[in-house]
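A.B. asks: Okay, here's the structure, questions in a sec.
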4 protein chains.
Amino acid sequence: MITNTNVMRALVYQGPRKKSLVDRPKPEIKEPTDAIVKITKTTICGTDLHILKGDVASCQPGRILGHEGVGIVEQVGIAVTAFKPGDHILISCVTACGKCDYCRRQMYSHCTTGGWILGNTIDGTQAEFVRIPYADTSLYPIPDGTDEEAVVMLSDILPTGFECGVLNGKVAPGNTVAIIGAGPVGLAALLTAQFYSPAEIIMIDLDENRLEAAKRFGAASTINSADGRAVETIRKMTCDRGVDTAIEAVGIPATFELCEQIVAPGGVIANIGVHGNKVDLHLEKLWDRNISITTRLVDTSTIPTLFKTVASHKIDAKRLITHHFRLDNILEAYATFDNASKSKALKVIIEP
Amino acid sequence: MITNTNVMRALVYQGPRKKSLVDRPKPEIKEPTDAIVKITKTTICGTDLHILKGDVASCQPGRILGHEGVGIVEQVGIAVTAFKPGDHILISCVTACGKCDYCRRQMYSHCTTGGWILGNTIDGTQAEFVRIPYADTSLYPIPDGTDEEAVVMLSDILPTGFECGVLNGKVAPGNTVAIIGAGPVGLAALLTAQFYSPAEIIMIDLDENRLEAAKRFGAASTINSADGRAVETIRKMTCDRGVDTAIEAVGIPATFELCEQIVAPGGVIANIGVHGNKVDLHLEKLWDRNISITTRLVDTSTIPTLFKTVASHKIDAKRLITHHFRLDNILEAYATFDNASKSKALKVIIEP
Amino acid sequence: MITNTNVMRALVYQGPRKKSLVDRPKPEIKEPTDAIVKITKTTICGTDLHILKGDVASCQPGRILGHEGVGIVEQVGIAVTAFKPGDHILISCVTACGKCDYCRRQMYSHCTTGGWILGNTIDGTQAEFVRIPYADTSLYPIPDGTDEEAVVMLSDILPTGFECGVLNGKVAPGNTVAIIGAGPVGLAALLTAQFYSPAEIIMIDLDENRLEAAKRFGAASTINSADGRAVETIRKMTCDRGVDTAIEAVGIPATFELCEQIVAPGGVIANIGVHGNKVDLHLEKLWDRNISITTRLVDTSTIPTLFKTVASHKIDAKRLITHHFRLDNILEAYATFDNASKSKALKVIIEP
Amino acid sequence: MITNTNVMRALVYQGPRKKSLVDRPKPEIKEPTDAIVKITKTTICGTDLHILKGDVASCQPGRILGHEGVGIVEQVGIAVTAFKPGDHILISCVTACGKCDYCRRQMYSHCTTGGWILGNTIDGTQAEFVRIPYADTSLYPIPDGTDEEAVVMLSDILPTGFECGVLNGKVAPGNTVAIIGAGPVGLAALLTAQFYSPAEIIMIDLDENRLEAAKRFGAASTINSADGRAVETIRKMTCDRGVDTAIEAVGIPATFELCEQIVAPGGVIANIGVHGNKVDLHLEKLWDRNISITTRLVDTSTIPTLFKTVASHKIDAKRLITHHFRLDNILEAYATFDNASKSKALKVIIEP
């Protein structure tokens, strides 16, 4: 890795279905609240694949992708007080000014000048260096002795499963939880749901490999919904009552509507999935069922909590990591991650 | 009124579009937890009109309608301890056993042997007498000196507006609230929303009369949505942010979808409307907006609270009452209530 | 055991420091909501020892002691609908009418005609049979296949630790919790606190045996406070911040005041201990610390939740049970339980 | 007022019982996050009187007093983005970095580098100019058209009554609230408690003038506790049940212990008072009463909410203002404020 020149390697979005690993100028401090971070580990998110399909209009060709990672602070702007060069830090996928109404309420996802901008409207983390705006409120110190590879999971995927799925879903001791979708984010919900000791977590997917992973990760039971009888099966398992929490972690109408059919009176449907289309909401059946439906873009407000759970071994975040690559081989990393059904990839670690 | 014979007058559902005022046997205690109540005041609900359209399959011809009212306890079963003959009481529209899992959580609407059964699956209150199962947990004592006419509004309409709209909608000091639908239940939400001092309540309807009523009842502003520009207007009023709480009090797809368009990030859509059809949920726009959608059949768990607010003049429940009839003229009362656009009827009081 | 006569064996409080196992008439149904339960397993509570010291004025000589246990329904009153003879049930230590304002809010401990009356103002469970008032809302069905011995812990001790300590104390993922007192109720708090995956539970006591038990039960660390340096030690362990939750499970001024010294800004002191004296509340130090202090008599409102956690193996309630006795030897059971420092007794099971 | 020199007038604490109005250098930007504010209106707080008694060790002689006020931004540091010269702003009495763990949780009072420092450990607002650290998160924009005099009440006293008393006290529709102490902060609690429509607010004090003010401000009833029968009176008024919320707004043992005696089972004692001594907490009576006791230094996290309630006329903050002075006469203002029993002063406005 070359750190004493002004050039660095970076994975750049070149328009729908096109990406390349190229040389780019090393980023520089622009605002007094910026930090420059030397990336030590980054990863790929399902959202990066969405961008590459051309589904994310805000992300224009020429953008360095990536919104997750850990690294070492290289340089800080004059107004940065919480970090100094040499600090080992986690990058939040969401940039927070810490000042606006939304940030005050810990709704960092809706920060009026931040939110999800990394690897979207500004250059991201799949590079040797990245510029982080509002560093004081967008970076998190990594406590000494923490496994930094595990910490990469705290940039996005674990807070996403935890905040959008588990907290919004009000998972509680003794409750019955169904998680629809056993991909990385569904598994992140599965791992963090166990913080609250629900009586039973039922995992639903079409892929037997993923359902097996779910079993290993703590699911009490799994349902392959390929036969179209998932609703019936869950009704039977819950004595016709339904589940207290249904977590949608896929993002298509069929899976959301499955949640509508299995949620118990008084229950919650917590949506995590990124939806591209409207869904049918059967209010003619649900208007009198005392249910809640929640949506959320991850705020990463739980990163400090998650750090403590990792440090105290309440969760083994590394279980989500299946593959490792050098930045030079990031195209191969993308291929592996994109072909998860074959590669069984969950999260891949990429190191410059 | 004849109380020393075994015959009484009652309004009976005779199948779609048919009802008649007939003689029926006076009800008798069937279970040790029953009470017989002599009705002194009852009223008509929008749901009674739904039944008469044939829309409520659970309600069969021959049923005495009505699920609201106040009266005097006539007789109690051997296990009733909270009431005795002569007590002035309010009848909850929801019957609660007080024992099942749902009742323990104050979700009386889903009581496994109760819920909304009065004037639905058992005979109701539009009669001289009614049998109330689980009297101890389904009746409420009327404190001395309380205006009993106002109290009729506590059987259903005020708790409905309060629980399904205001509490589910998390109305709070300083917030902006939109209520879609200025009919009786929307106005009940408007009255009870003011318990929490929101900065602004915007009322939306197609009927100018109702919007004028809304202004008198405390709406800060009103929007006639006939011109199809309600969304635009609200966006302008809220500096493009949207409302913290959108309360749906109509029950059709168009009004629910209006709520989807005006809710602010972090806001709540609280559904009160009785829906007969599915609606389009635009998750492709809402998945990342951190919103909640709630549904609820009224539990009437707030009746004790509402009694206190009425007694302390925090709410003037009588403002919802526009007409008075004798039970003998109940068919005329129905005609008046059903033709609200002309009669300007909100709630009508019917007295045997 | 003799069930076809009208005489039974029972442990009777005979005034301060006096108790005896005697013959008493078998109880009979008095109210339509009563049940008669044949006790199969009961236990002794610290409160029983308080009564025997003469500290509980409401409990008069002649009273059959005991407020915990499981059994089989023998007979039910005419208004009991949730249970029938032959049902295996758990007895709540708190009797709930299910009707009064407090019961409606699940504050069964303050039921206006119930609350803690068993083995206090009415005859209790340390006998072959017991009469349970308000059976429908004071008994809980034991699901088939559940270990009934473990279930005895759900009558009082587990809900006490869970409700008064863990729920009131807002134990949460990643938090730091201190529990003062490693007796049975402190250990019950320790077991149930783990439902919420706190980062660290610190157990404090003077007895090394109990602290060793705490380690086995899941405490991350233990402090023997005999050296008077517990505050200093906790300050060091928490980088001078203090603990998020301090649970008081002893009931004397010194331990409560220890909690005052170790609670972090924004934290909670959750009192479980039964106090006989006032304590010093150092508001001159705490007025600006944003803390909460809570007290609570167990409501047993979490029994249904605890049943689910036991059934799904989220907690091993049997770990609290150290000794077994026949009812005929209950005096020996008392001696063992009362001399815990020597016998290492936690909870003892007594079977007729 | 002279703004083009480097000298300004300021009220300086000169040690116990000594203060003087003197010339001091105009403050300058020290950190990139600072702002210099030209004070247009300030006021005096009870805490300023405490300092003058020598009770606040952190405040050393030479300090410019004052932590409340409105003004116009004169100059901003390079990292300030939310404000620019000419902006009309409110100064929070609490300085918040917006970055530390406490600030993230909106516990600005415990900001690790801020909190209550103005007029305490750094120079305050009773001057022509003041330097405000962390301006972006410690100042609030005043919406156009807002009465700026009313807004001065949002620096400290209204958030204090609202956060420490009303929110911590869980004031709710239909509840019964007692406020002990009808001084300015008690009256601020009284005004903001009405946001939640409690059934009844009972105000308790020894001063008839203040009790009369309380009546005008919305108290349902008042009790002069001089006769030592306040507990008895409240017991009678609440049918022996006690109050749902008892707000302590005095700060001495007698008033706190009064709260202990009048709080209902399930209720809250919300402490606002600044206490100099420990109090007796009667846990021997309260351990089983299911109560909460809360303490809090105001966080001013509700300033945005309070702005909206002022703008929408849900509260008339100006009612707290009784006197006006020029900065030149601030010693007279202090005399008036300090002698409230005679002057009937609540809050005084001071304008340079």
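The values are calculated or read from the model by the stated rules, or taken from the named source; none is laboratory data. Predicted model only: the values in this text are computed from it and were never measured. Note that each Cβ is placed from the backbone with ideal geometry, even for glycine, and that neighbours are counted across all protein chains shown. Ligands, DNA and RNA are stripped out before the accessible areas are found, and what is left, the full protein with its side chains, is counted by its heavy atoms. Shrake-Rupley method; radii C 1.70, N 1.55, O 1.52, S 1.80 Å.
Residue-wise test of (1) under 19 Å from residue C:324 (Cβ atoms); (2) over 19 Å from the mean Cα position of the chain (by Cα).
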{"residue": "C:154", "(1), (2)": "yes, no"}
{"residue": "C:157", "(1), (2)": "yes, no"}
{"residue": "C:168", "(1), (2)": "no, no"}
{"residue": "C:174", "(1), (2)": "no, yes"}
{"residue": "C:184", "(1), (2)": "yes, no"}
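A.B. asks: Then there's this: Looking at the stretch A:73-88, is at least one residue within 21 Å of the chain's Cα centre (by Cα), more than 20 Å from residue D:96 (Cβ to Cβ), of a type in the set (A, V, I, L, M) and away from chain D (no Cβ under 14 Å)?
C.D. replies: For the stretch A:73-88, residues within 21 Å of the chain's Cα centre (by Cα), more than 20 Å from residue D:96 (Cβ to Cβ), of a type in the set (A, V, I, L, M) and away from chain D (no Cβ under 14 Å): absent.
A.B. asks: Right, something else. Here are some conditions: (1) closer than 30 Å to residue D:198 by Cα; (2) over 22 Å from the mean Cα position of the chain (by Cα). Residue B:301 meets all but one. Which one does it not meet?
C.D. replies: That leaves (2) as the condition not met.
A.B. asks: Does residue D:123 satisfy being away from every other protein chain (no Cβ under 14 Å) and open to solvent by 40 Å² or more (accessible area, probe 1.4 Å)?
C.D. replies: For residue D:123, the condition - away from every other protein chain (no Cβ under 14 Å) and open to solvent by 40 Å² or more (accessible area, probe 1.4 Å) - is met.
A.B. asks: Could you figure out which of (1) open to solvent by 30 Å² or more (accessible area, probe 1.4 Å); (2) touching a residue at least 60 places away in the same chain (Cβ under 8 Å); (3) within 14 Å of chain B (Cβ to nearest Cβ); (4) charged (D, E, K, R) isn't true of residue D:244?
C.D. replies: So the condition that residue D:244 fails would be (1).
A.B. asks: May I pose another question? Restricting to the stretch B:147-167, and then to whatever is open to solvent by 30 Å² or more (accessible area, probe 1.4 Å) and over 28 Å from residue B:28 (Cα atoms), can you tell me which residue is modelled with the highest pLDDT?
C.D. replies: B:167
A.B. asks: Within the set of pairs 6+ apart or on separate chains, which have a first residue in the stretch B:150-165 that is at negative phi, a second that is at pLDDT 95 or above and among the polar types (S, T, N, Q), and C-beta atoms under 6 Å apart?
C.D. replies: If the second residue must be at pLDDT 95 or above and among the polar types (S, T, N, Q), the pairs left are B:152/B:43; B:159/B:300; B:159/B:302; B:161/B:192; B:162/B:192; B:162/B:302; B:163/B:302.
A.B. asks: Suppose we filter the stretch B:251-300 for residues that are open to solvent by 10 Å² or more (accessible area, probe 1.4 Å), more than 25 Å from residue A:301 (Cα to Cα), among the polar types (S, T, N, Q) and facing another protein chain (nearest Cβ under 7 Å); how many remain?
C.D. replies: Residues in the stretch B:251-300 being open to solvent by 10 Å² or more (accessible area, probe 1.4 Å), more than 25 Å from residue A:301 (Cα to Cα), among the polar types (S, T, N, Q) and facing another protein chain (nearest Cβ under 7 Å): 1 in total.
A.B. asks: When only residues in the stretch B:204-234 that are within 14 Å of chain D (Cβ to nearest Cβ) and in contact with a helix residue (DSSP H, G or I) (Cβ under 9 Å, 6 or more places away or on another chain) count, which is surrounded by the fewest Cβ atoms within 10 Å (Cβ to Cβ)?
C.D. replies: Only one residue fits best here, namely B:218.
Per-residue answers, yes or no, for (1) of a type outside the set (S, T, N, Q); (2) open to solvent by 10 Å² or more (accessible area, probe 1.4 Å); (3) within 13 Å of another protein chain (Cβ to nearest Cβ); (4) touching a residue at least 12 places away in the same chain (Cβ under 8 Å):
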{"site": "C:27", "(1), (2), (3), (4)": "yes, yes, no, yes"}
{"site": "C:30", "(1), (2), (3), (4)": "yes, yes, yes, yes"}
{"site": "C:42", "(1), (2), (3), (4)": "no, no, no, yes"}
{"site": "C:95", "(1), (2), (3), (4)": "no, no, no, yes"}
{"site": "C:115", "(1), (2), (3), (4)": "yes, no, yes, yes"}
{"site": "C:132", "(1), (2), (3), (4)": "yes, no, no, yes"}
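A.B. asks: Residue under question is residue C:108, and the condition is that it be touching a residue at least 24 places away in the same chain (Cβ under 8 Å), buried (at least 24 other Cβ atoms within 10 Å of the Cβ) and within 14 Å of chain B (Cβ to nearest Cβ); does it hold?
C.D. replies: The answer is yes for residue C:108.
A.B. asks: For residue C:311, state whether it is over 19 Å from residue D:280 (Cα atoms), within 13 Å of chain A (Cβ to nearest Cβ) and surrounded by fewer than 23 Cβ atoms within 10 Å (Cβ to Cβ).
C.D. replies: Yes, satisfied.
A.B. asks: Can you say whether residue C:222 is more than 17 Å from residue C:319 (Cβ to Cβ) and hydroxyl-bearing (Ser, Thr, Tyr), as far as the supplied structure shows?
C.D. replies: no
A.B. asks: Same structure, new question: Can you name the residue in the stretch D:315-348 that is within 14 Å of chain B (Cβ to nearest Cβ) and in a loop (DSSP other than H, G, I, E, B) and is also surrounded by the fewest Cβ atoms within 10 Å (Cβ to Cβ) among such residues?
C.D. replies: D:316
A.B. asks: Oh, and also: Quick one: how many residues across the stretch B:172-190 are within 11 Å of another protein chain (Cβ to nearest Cβ) and hydrophobic (A, V, I, L, M, F, W, C)?
C.D. replies: Adding up the residues that qualify gives 1.
A.B. asks: Ok, one more. Strands (runs of 3 or more DSSP E) wholly in the stretch D:1-71 with at least 3 residues that are under 25 Å from residue D:97 (Cβ atoms) - which ones?
C.D. replies: D:35-43
A.B. asks: Also: Looking at the structure I just gave you, is residue B:201 within 14 Å of another protein chain (Cβ to nearest Cβ) and either modelled with pLDDT of 95 or more or surrounded by 24 or more Cβ atoms within 10 Å (Cβ to Cβ) (or both)?
C.D. replies: yes
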